[in-house]
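Asks: Below: one structure in structure tokens.
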Ligand SMILES: [Zn+2]
């Protein structure tokens, strides 16, 4: 059931060799109490192994998932993260893990204020250790209140204004977390996505999305090599045979024209099964794209999995 340290070489698209290193339980093993208990018990080992392997200056460049939507990245010798959290901040009785190694991060990017993306306690520890925080303008007040970083630790991310931090080029853009109701009104939470040039690759992280409006993609200065798209196919729809946003989501991920597409935000065990996305849904997206004759390959990227190049 568990596949620690198994390497699965994958060759895709333009022939760029990639390796997925699988450290996590695969498929839907957490879908009952017993399975969830196994995932919980295995988590400290997953965390320790992931940090031990990924948090070191390269090569290779690598992007790995510490939890459903917590990215740990190393590019060109710079270690950075997006929305790092400790799952114990989210899930009662989740085992504690050692966050101290994260003090080696150069910087952290934040996307939005939801609790599965924003861990004020962890960020306070990191900021006190000298890690820079790149904070969207819509989160500044929250970060000031909950993290209380020194002013020099904070860089403000504003949509369309590029930043370069530790050799990493970062272009923030408006995210897709607001949904449109039947009357056409947008409601929801402000969010920021990032287009990043690092390690010789163009990376795009749209963040959580709750609408897939074709008119709202940002103009990017380059073609993304890797897209990391958070999987979400409709509220409470994870057990539906055909989730309502399957087609809209499939078209959304293709529209970025990325050379490699990874679907993340998988196995968020703090959610009920009706809202928990897994490899089963990755397969649905894959089959749907095949059905509508879109010849792209999509891969799931769950906790403990990484892409390296
Ligand atoms: Zn969210």
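The values are calculated or read from the model by the stated rules, or taken from the named source; none is laboratory data. Just so we're clear, the structure is a prediction, and the values are computed from it rather than from any experiment. For neighbour counting, all protein chains shown are included, and Cβ atoms are generated from backbone atoms with ideal geometry for every residue, glycine included.
Asks: Could you check region 174-250 for strands (runs of 3 or more DSSP E) lying wholly inside it with 2 or more residues that are over 19 Å from the mean Cα position of the chain (by Cα)?
Replies: Once the strands (runs of 3 or more DSSP E) in region 174-250 are filtered for at least 2 residues that are over 19 Å from the mean Cα position of the chain (by Cα), what remains is 178-180, 186-188.
Asks: Run down 55, 51, 66, 123 and say which single residue is surrounded by 22 or more Cβ atoms within 10 Å (Cβ to Cβ), over 20 Å from residue 157 (Cα atoms) and more than 16 Å from the ligand (Cβ to nearest atom).
Replies: That would be 66, the only listed residue that is surrounded by 22 or more Cβ atoms within 10 Å (Cβ to Cβ), over 20 Å from residue 157 (Cα atoms) and more than 16 Å from the ligand (Cβ to nearest atom).
Asks: If you don't mind, another one. Can you find a residue that is modelled with pLDDT of 90 or more and more than 16 Å from the ligand (Cβ to nearest atom) anywhere in region 22-36?
Replies: No, there is no match, as no residue in region 22-36 is modelled with pLDDT of 90 or more and more than 16 Å from the ligand (Cβ to nearest atom).
Asks: So, one more: Determine whether region 97-104 contains at least one residue that is touching a strand residue (DSSP E or B) at 6+ places or on another chain (Cβ under 7 Å) and within 16 Å of the ligand (Cβ to nearest atom).
Replies: No, region 97-104 contains no residue that is touching a strand residue (DSSP E or B) at 6+ places or on another chain (Cβ under 7 Å) and within 16 Å of the ligand (Cβ to nearest atom).
Asks: Name the residues in region 251-265 that are in contact with a helix residue (DSSP H, G or I) (Cβ under 7 Å, 6 or more places away or on another chain) and either within 26 Å of residue 95 (Cα to Cα) or not in a helix (DSSP H, G or I) (or both), would you?
Replies: 261, 263
Residues checked against (1) part of a loop (DSSP other than H, G, I, E, B); (2) in contact with a strand residue (DSSP E or B) (Cβ under 6 Å, 6 or more places away or on another chain); (3) modelled with pLDDT under 95:
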position: 269; (1), (2), (3): yes, no, yes
position: 277; (1), (2), (3): yes, no, yes
position: 280; (1), (2), (3): no, no, yes
position: 285; (1), (2), (3): no, yes, no
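Asks: Residue by residue through region 187-211, note down the ones that are in contact (Cβ under 8 Å) with a residue 12 or more places away in the chain, within 16 Å of the ligand (Cβ to nearest atom) and surrounded by fewer than 20 Cβ atoms within 10 Å (Cβ to Cβ).
Replies: 188, 189, 190, 211
Asks: Among the residues of region 144-173, which ones are in a loop (DSSP other than H, G, I, E, B) and farther than 30 Å from residue 248 by Cβ?
Replies: Passing the criteria: 147, 148, 149, 150, 166, 167.
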